[in-house]
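Chemist: Sending over a structure as C-alpha cells; questions will come in a sec.
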Amino acid sequence: MLTFTIDGQTVQAEEGQNLLEVALAHGFDIPTLCYHPSVSAYGACRLCLVEVTQRGRSRITTSCNYPALPGISVVTRNDRIDRLRRLVMELILCRDPGNPQLQAMADRLGVDRTRLRFASRQDGCILCGLCERICRESIGADAISFVGRGHERRLATPFDEPSESCVGCLACAMVCPTQVIEFTQDADTRTIWKRTFTLVKCKECGAVLGTPEELALFQRKTGLDASYFDTCDACRKKQTATAFAAVTWGGQRP
Amino acid sequence: MAPFSSTAELHAYQQALVERRDPDRTVIAVCYGTGCKASGATELIDALKKAVQEAGCSDRVSVMPTGCHGFCEGAPLVVVHPRRILYTKVKPRHAADIVNKTALAGEVIEPLLFVDPDTGNKVVHEGELPFYAHQHRLLLGRHSTTNPEEIDDYLANGGYGAWARILDEQIAPEAIIELIKKSGLRGRGGGGFPAGRKWDSCRNAPGEVHYVICNADEGDPGAFMDESVLEGNPHSVIEGMIIGAYAIGFPHSRTEGYVYIRHEYPLARHRLAIALDQAREKGLLGDNILGSGLSFDITVNRGGGAFVCGESTALMASIEGFPGEPRAKHIHTVVSGLYGMPTNLNNVETWANVPVILNMGVQAYRAIGTEHSKGTKIFSLVGKVNNTGLVEVPMGMTLKDIIFQVGGGIRNGKRFKAVQTGGPSGGCIPASLIDLPVDFDRLDEVGSMMGSGGMIVMDETTCMVEVARYFLNFLRSESCGKCSTCREGIARMYDIVEGITRGEGKPGDVELLEELAEVVREASLCALGTTAPNPVLSTIRYFAEEYRAHIEEKRCPAKQCKALITYRIIEDRCTGCTACAKICPTDAITGVKDQVHLIHQEKCIQCGSCYEVCPVDAISVE
Amino acid sequence: MKRLFITPDRCIGCRACELACSFAHAVALTSPALSRIRVYPVASDRFVPVACLQCEEAACVKVCPTQALVRNPETLAIEVDHTRCVKCMMCTVACPFGNIHLDLRVDQIVKCDVCGGDPACARFCPSLALEWAERPTVGPVPKPEPGRVVLPFLVP
C-alpha cells in the first residue's frame, strides 16, 4: 500500500496501480475514451490529463499510464487542465463531429464544436486501440492491429482480409467507445471484420451460443470439457432443476 | 586464422600488421560513402582498378574504397596517399591520369584540384582544404585512410586498443563508467543525456540480461551523421559497444547487443555486417572475448522506415516485433527496456566516441567543447551553403563559424536568413543569432535543439512559413499516431499552415496555432509529439512578420509560396530568346522570336522554370 | 459465514423469490421473468428453485476473458464488474448450471449476487426453502396449505 493525494484528499493505492484507476475508485471524475480496466492502459486519447507534482516538480500527464507513487500529489482539475482537455476534445471531435458518444463527451467537457478542419477519415474511430487490446490481451485472438502511422493510421485485420485469427466474439465491437465497429448477425451467421461465421446453437432449444471458433478458443483456454459449451443458459437451468429434483426425491418419478 | 584468445595475441597481430605495412605505399583512396557513390564512385573505382592493372603497378599502387570523407560538395572525392593529394569531382575518364601521373610519377593534376572560391587558390593536400581546416575530426578523421570493409585497417591504426587496454590494465567496469562520466560525454542522439550516468543506472538495475543497443535509426531529413560513421568506421562503433557491454553488464549479468539500423541505409548495413563478421572471426565478439570472461555479440535489426522508431521505447518495441510506438517512460528503459530488462541505448556517434575518449584520455577530451557539452559534434551541413557535407566541429563553435568558415558561406552570394537545427523537431534560428555557440543547452535556449545534428541553412529565398509547413507535413506522416494530440494536432496544424501558404490564412490562425502547439507539446507522450510544434513556434517567434504578410497581405516575402506569387516578363529586358517559352511545362508563355514574350497567368503554375532559365533576368516574381 | 441454502423439498412454488429478486435488482421495469432465481415445477406439487451456487472453481470465472467476474470476499458471491465485462457471453454458455444470463433490458450480464449479503429471495421465502444462514434448518418444515400462503411482505 502506498499513499498520496488526489485534489488534496489522501488516498491509498496498491503498487502497480495507475492514477486513473485509483482516482476513479475514489470517486474522482476524470474523462477518458481509451481506458478499460480489463486491458493495459494505453494513453491514446489524452483526455485523462492531470497535473502531478513529484519532488516539487509539476507536470501535466495522462493519468491512465502514470503509476501511483508514494508522496505525489495529483490535481484532477484546474483551469489549465480543463483548457487542455477541451483542446484535446476538439482534436478528437475532428475524427467524427457527428458521433453521439463523442458529442456526449464534448458536452461533458463544455466543448460545443471544433474550430478545426475535420480529419480526412471520419468514420468515428478515434484510434483508442481498445478493440485491439481487448482482442489481443483478453480474448487472445490477436486478429486486428493498427496499420500505418501518423494521420493515416487505422485499425485493420492483416492485409484487410478476413482474419484467420478472428473468432467472431464481438468483444471489439462491445468495447468500442464510439460504437463504430460494424457487425451483422442473422439466425445462422455472424459477420465482423469481413469474416462470416456460422453460428453454433444450443443442442436443446436451438438458441444461438456463439461461433464455433469462439467456443473452441474458450474451451482450449479454460481446459473445460466440450460439453460445457453446447447448451444455452436457459436449458441448463432447467436441467439443473431436474438434477436437483433427483437428488431431493431420489430416483423415483416425482 | 584462429580467433584471438588474449590481448597478447591481438597486440602481436597488430604489431605484425604495422610491420608488414609500408606507410609510404601509394594508395588511391576513393570516398565510397553514399553521396560519392551516387555521384559515380563505383564506376570511378572500377576505372582506377583497371588503370592500375593496365599500368602493371598493382604491386606498388592500390585502390581503396573508404567511408565518407565529409566534403560531399566535391563528390566523388579521391585522395592519393601517402601525400594526401586531394582531387574533387573526379570522373572515370580521369582514372588513367591519376594512376600514371599522380600515383606513379608524383605529379599533381591541376584541373582536378579544388579551387578555394574565396581566394582562388588551388588546394593540393587534403588537410589544406578550408572545409577540413576548421574542423576537429576526432571521429571522422580516419575515414579517408581506412577501408571500412577491412578490420586490419582498423587494427593497424590501433583499433580495439581501448578495449585491449582495459583488459591489460584490468580497469574495472565501474571505473570505465567513472571515466565516461568524467569525460562529460552526452548522448549524441538528441537528448544530450550524460552517457556515464545512463550507463551507471543501467549497470545498477537488476536483471538477468543487460541489453546494449546502438540506435542507428537516423531519420531526420537531411541528416546522415550516423550513416557516415557506420559506413566509414563501423569498428569504432562495435568497439564502443563492447566497452559499453563490459561497463554495464560485466560480470554480474549476461549482455547482448543490438544495432537498430534504418532500412534506407543499405551500404551502412552491408559494411556493419562485414565488420561484425570480421570481429567475430577475430574473437572480438562472441564468447569469452580475449579471455576476459565477457561474452557479447551484436545482432543487427533492420528498421522498417518509421521515423518514430528512433525514439528509444518505440525502437525497443520494434525489436520485440511490435509496432514502433513509444510507451510512457515512468520506468526508465535503463531499468526496464528491451524485453523488460535493463537496457542502455546510445546512438552511433555516442558509441563511436567511447574508444576515442579512452584512447585520447579524459582530460584531453574534456579540453574540447564548452562547459556542459564536451567533445566534438558531427553535423550534416546542408541547404543553401557552399560546402555541403559532413562536418565535425568542437562543441561551442558558433553558427557563424560553422556556416561561413567550414561551410564556406551562402550559395550564390545570397543573404543568410536562418538555420534549422535538430531535425523536424528542432527550430529555426534566425540570422540575428548567428554568433550563438552551438551546444546542447544554448540551442535549447533559443527554441531549437541539438537533435542528432542536422543543420539546414536557409537564405533569403526560403519562406519560413513554407519551412514550417514542410516539417509539419513530415511529422504528420511520421507521428506513430498513438496520441490523439500528436496525430490530430500536427495534422490540424498542418492544415492551418498549409492554408496560410495558399493564401487562405485568416486572422487568428497564428493564435490558434499557438493554442494547438501547447496541447501537442503538453499532452503528447513522447519527444516526437512534445517537440513537434518547434518548427512552427520558432518561425512564429522569429519570423512573425512573414506570417503576417502571408495572412494579411496575401504576400510571400521570400516569393516561394506559389499561390501568392506572379511571374511576369519585364518587357524592356526580354530579348525574345524563346528559352522561357521552350521550358514552360504548361505552354503559358507565348511570343515570337526576338520579340517580347508574354506569360498567360491563367495557365501559369508558378513552377519558376522560366525564372531560372532566362539568360537576361527578364522574369520578375511578385 | 452465511450462504444461500436451497431446500427444494420445502418449496411450495409460490414464486415469491422470483418477484423479490426482480424487485431487488429492478432497473427500469420489473418482472418475475427477469429474476436471477427461477422456480421450476417438476410435478404438480414439487418445485425446484435454482440460483447461482457460487461454485468454488467456477466455470464462469475461468472462462471470463476480462476478469469481470470477481468473488466478493465478504459474501463469497461471484459478482459482475460491468466496467470490465465485454459481453462476450462465454460465461452464460460455460456455466454448467445455467445460472448466469444476459439481461436484454439493460444489456448486461446478470447473476445472483446474494443482494450484497441479504438475499431478497430468502427474505421473502415463506417456507424456508431458501435460507440465508450459517447452516440450513434441519428437518421438515410444515408446508402451508396451498392457497393459504401468506407472503411476508403482505403482512400488515
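The values are calculated or read from the model by the stated rules, or taken from the named source; none is laboratory data. The structure presented is a predicted model; accordingly, all values stated were derived computationally and were not measured. Note that we place each Cβ from the backbone using ideal geometry, even for glycine, and neighbour counts take in every protein chain shown. Surface accessibility is based on the protein's heavy atoms, side chains included, excluding ligands, DNA and RNA. Shrake-Rupley method; radii C 1.70, N 1.55, O 1.52, S 1.80 Å.
Chemist: Give me a count of the residues in segment B:126-135 that are over 16 Å from the mean Cα position of the chain (by Cα) and either of a type in the set (D, E, K, R) or in a loop (DSSP other than H, G, I, E, B) (or both).
Modeler: Adding up the residues that qualify gives 4.
Chemist: Quick one: in segment B:228-270, of everything that is among the acidic types (Asp, Glu) and open to solvent by less than 20 Å² (accessible area, probe 1.4 Å), which residue is modelled with the lowest pLDDT?
Modeler: Across segment B:228-270, the extreme among qualifying residues is B:GLU231.
Chemist: Given the conditions (1) in contact with an Asp or Glu (Cβ under 8 Å, 6 or more places away or on another chain); (2) not in a helix (DSSP H, G or I), which single one is not true for B:LYS101?
Modeler: In the conditions (1) in contact with an Asp or Glu (Cβ under 8 Å, 6 or more places away or on another chain); (2) not in a helix (DSSP H, G or I), B:LYS101 misses (2) alone.
Chemist: Just for segment C:69-88: of the residues that are of a type in the set (A, V, I, L, M, F, W, C), open to solvent by less than 20 Å² (accessible area, probe 1.4 Å) and more than 7 Å from every other protein chain (Cβ to nearest Cβ), which one is farthest from the chain's Cα centre (by Cα)?
Modeler: C:LEU69
Chemist: Any idea which of B:ARG469, B:ARG487 is closer than 30 Å to B:PRO326 by Cα, in a helix (DSSP H, G or I) and in contact with a Gly (Cβ under 6 Å, 6 or more places away or on another chain)?
Modeler: Going through B:ARG469, B:ARG487 in turn, just one is closer than 30 Å to B:PRO326 by Cα, in a helix (DSSP H, G or I) and in contact with a Gly (Cβ under 6 Å, 6 or more places away or on another chain): B:ARG487.
Chemist: At least 3 residues that are out of contact with any His (no Cβ under 6 Å at 6 or more places or on another chain) and within 19 Å of B:CYS72 (Cβ to Cβ) in each: list the strands (runs of 3 or more DSSP E) lying fully within segment B:337-415 that qualify.
Modeler: B:376-383, B:389-394
Chemist: Scan B:GLY481, B:GLY529 and give me the residue that is part of a loop (DSSP other than H, G, I, E, B), touching a helix residue (DSSP H, G or I) at 6+ places or on another chain (Cβ under 9 Å), small (Gly, Ala, Ser) and not assigned by TED's automatic domain parsing to the domain that holds B:GLY409.
Modeler: When all the criteria are applied, what remains is B:GLY481.
Chemist: Another question, if that's okay. Would it be correct to say that B:LYS559 is touching a residue at least 60 places away in the same chain (Cβ under 8 Å) and either farther than 21 Å from A:ARG80 by Cβ or assigned to a loop (DSSP other than H, G, I, E, B) (or both)?
Modeler: Yes; evaluated as a whole, the condition is true for this residue.
Chemist: Oh, and also: Output the number of residues of segment A:69-85 satisfying the condition of being under 21 Å from A:PRO177 (Cβ atoms) and at the interface with chain B (Cβ under 9 Å from one of its Cβ atoms).
Modeler: Residues that pass the stated criteria total 2.
Chemist: So which strands (runs of 3 or more DSSP E) are wholly in segment A:49-152 and hold at least 3 residues that are modelled with pLDDT of 95 or more and either under 29 Å from B:GLY499 (Cα atoms) or aliphatic (A, V, I, L, M) (or both)?
Modeler: Hits in segment A:49-152: A:49-54.
Chemist: Checking C:SER31 against (1) under 26 Å from C:VAL93 (Cβ atoms); (2) within 13 Å of chain A (Cβ to nearest Cβ), which test does it fail?
Modeler: Answer for C:SER31: the failing condition is (2).
Chemist: From the list C:CYS91, C:CYS115, exactly one residue is within 28 Å of A:THR242 (Cβ to Cβ), in a helix (DSSP H, G or I) and facing another protein chain (nearest Cβ under 10 Å). Which is it?
Modeler: Only one candidate passes the filter, namely C:CYS91.
Chemist: Within segment B:581-622, can you find the residues that are within 17 Å of B:LEU564 (Cα to Cα) and either aromatic (Phe, Trp, Tyr) or part of a loop (DSSP other than H, G, I, E, B) (or both)?
Modeler: If the condition is that a residue be within 17 Å of B:LEU564 (Cα to Cα) and either aromatic (Phe, Trp, Tyr) or part of a loop (DSSP other than H, G, I, E, B) (or both), then B:HIS600, B:GLN601, B:GLU602, B:LYS603, B:CYS604, B:ILE605, B:GLN606, B:CYS607, B:GLY608, B:TYR611, B:GLU622 are the ones that fit.
Chemist: Among the residues of segment B:188-202 satisfying the criterion of being surrounded by fewer than 19 Cβ atoms within 10 Å (Cβ to Cβ) and in contact (Cβ under 8 Å) with a residue 24 or more places away in the chain, which is nearest to B:ALA216 (Cα to Cα)?
Modeler: The selected residue is B:GLY191.
Chemist: Inspect segment B:474-487 for any residue being away from chain A (no Cβ under 14 Å) and crowded, with 22+ Cβ neighbours inside 10 Å and give the result as yes or no.
Modeler: Taking every residue of segment B:474-487 in turn, none turns out to be away from chain A (no Cβ under 14 Å) and crowded, with 22+ Cβ neighbours inside 10 Å.
Chemist: Something else: Taking segment B:11-66 as the region of interest, how many residues are acidic (Asp, Glu) and either over 33 Å from the mean Cα position of the chain (by Cα) or open to solvent by less than 20 Å² (accessible area, probe 1.4 Å) (or both)?
Modeler: The number of residues fulfilling the criteria is 4.
Chemist: Step by step: first the residues of segment A:134-177, then only those that are within 20 Å of B:GLU488 (Cβ to Cβ) and under 11 Å from the mean Cα position of the chain (by Cα), then the one that is most open to solvent (accessible area, probe 1.4 Å). Which residue is that?
Modeler: A:PRO177
Chemist: Can you find a residue in segment B:68-88 that is among the acidic types (Asp, Glu), at pLDDT below 95 and under 16 Å from B:LEU129 (Cβ atoms)?
Modeler: Within segment B:68-88, one or more residues are among the acidic types (Asp, Glu), at pLDDT below 95 and under 16 Å from B:LEU129 (Cβ atoms).
Chemist: Tell me which residues, restricted to segment C:4-26, are surrounded by fewer than 18 Cβ atoms within 10 Å (Cβ to Cβ) and more than 14 Å from chain A (Cβ to nearest Cβ).
Modeler: Within segment C:4-26, C:PHE23, C:ALA26 meet the criteria.
Chemist: Moving to a separate point now. Can you confirm whether segment C:45-53 contains a residue that is in contact (Cβ under 8 Å) with a residue 40 or more places away in the chain and either away from chain A (no Cβ under 11 Å) or farther than 29 Å from C:ALA16 by Cβ (or both)?
Modeler: Taking every residue of segment C:45-53 in turn, none turns out to be in contact (Cβ under 8 Å) with a residue 40 or more places away in the chain and either away from chain A (no Cβ under 11 Å) or farther than 29 Å from C:ALA16 by Cβ (or both).
Chemist: Suppose the filter is polar (S, T, N, Q), in contact (Cβ under 8 Å) with a residue 40 or more places away in the chain and open to solvent by 10 Å² or more (accessible area, probe 1.4 Å); does B:ASN359 pass it?
Modeler: Taking the combined requirement at face value, the residue satisfies it.
Chemist: Further, regarding this structure: Looking at C:PRO49, C:PRO41, which is the one that is open to solvent by less than 20 Å² (accessible area, probe 1.4 Å), under 30 Å from C:SER127 (Cβ atoms) and in a strand (DSSP E or B)?
Modeler: The conditions single out C:PRO49.
Chemist: On to the next question. Mind listing whichever residues of segment B:578-595 are touching a Lys or Arg at 6+ places or on another chain (Cβ under 9 Å) and either open to solvent by 40 Å² or more (accessible area, probe 1.4 Å) or without any contact (Cβ under 8 Å) to a residue 12 or more places away in the chain (or both)?
Modeler: Across segment B:578-595, the qualifying residues are B:THR586, B:ASP587.
Chemist: Hey, any hits in segment A:218-226 for a residue that's open to solvent by less than 10 Å² (accessible area, probe 1.4 Å) and within 11 Å of another protein chain (Cβ to nearest Cβ)?
Modeler: Yes, there is a match, as at least one residue in segment A:218-226 is open to solvent by less than 10 Å² (accessible area, probe 1.4 Å) and within 11 Å of another protein chain (Cβ to nearest Cβ).
Chemist: So which pairs qualify, if the first residue must be in segment A:111-122 and closer than 13 Å to B:TYR494 by Cα, the second must be among the small types (Gly, Ala, Ser) and open to solvent by less than 10 Å² (accessible area, probe 1.4 Å), the Cβ gap must be under 8 Å, and the two must be at least 6 apart or on different chains?
Modeler: A:ALA119/B:ALA491
Chemist: Within segment B:440-447, is even one residue without any contact (Cβ under 8 Å) to a residue 24 or more places away in the chain, closer than 24 Å to B:SER479 by Cβ and either touching a strand residue (DSSP E or B) at 6+ places or on another chain (Cβ under 7 Å) or not assigned by TED's automatic domain parsing to the domain that holds B:ILE490 (or both)?
Modeler: Yes; the residues of segment B:440-447 include at least one that is without any contact (Cβ under 8 Å) to a residue 24 or more places away in the chain, closer than 24 Å to B:SER479 by Cβ and either touching a strand residue (DSSP E or B) at 6+ places or on another chain (Cβ under 7 Å) or not assigned by TED's automatic domain parsing to the domain that holds B:ILE490 (or both).
Chemist: Continuing with the same structure: Quick check on this structure: which one of A:ARG220, A:ARG236 is closer than 22 Å to C:PRO41 by Cβ, of a type in the set (Lys, Arg) and either in a helix (DSSP H, G or I) or touching a residue at least 12 places away in the same chain (Cβ under 8 Å) (or both)?
Modeler: It is A:ARG236.
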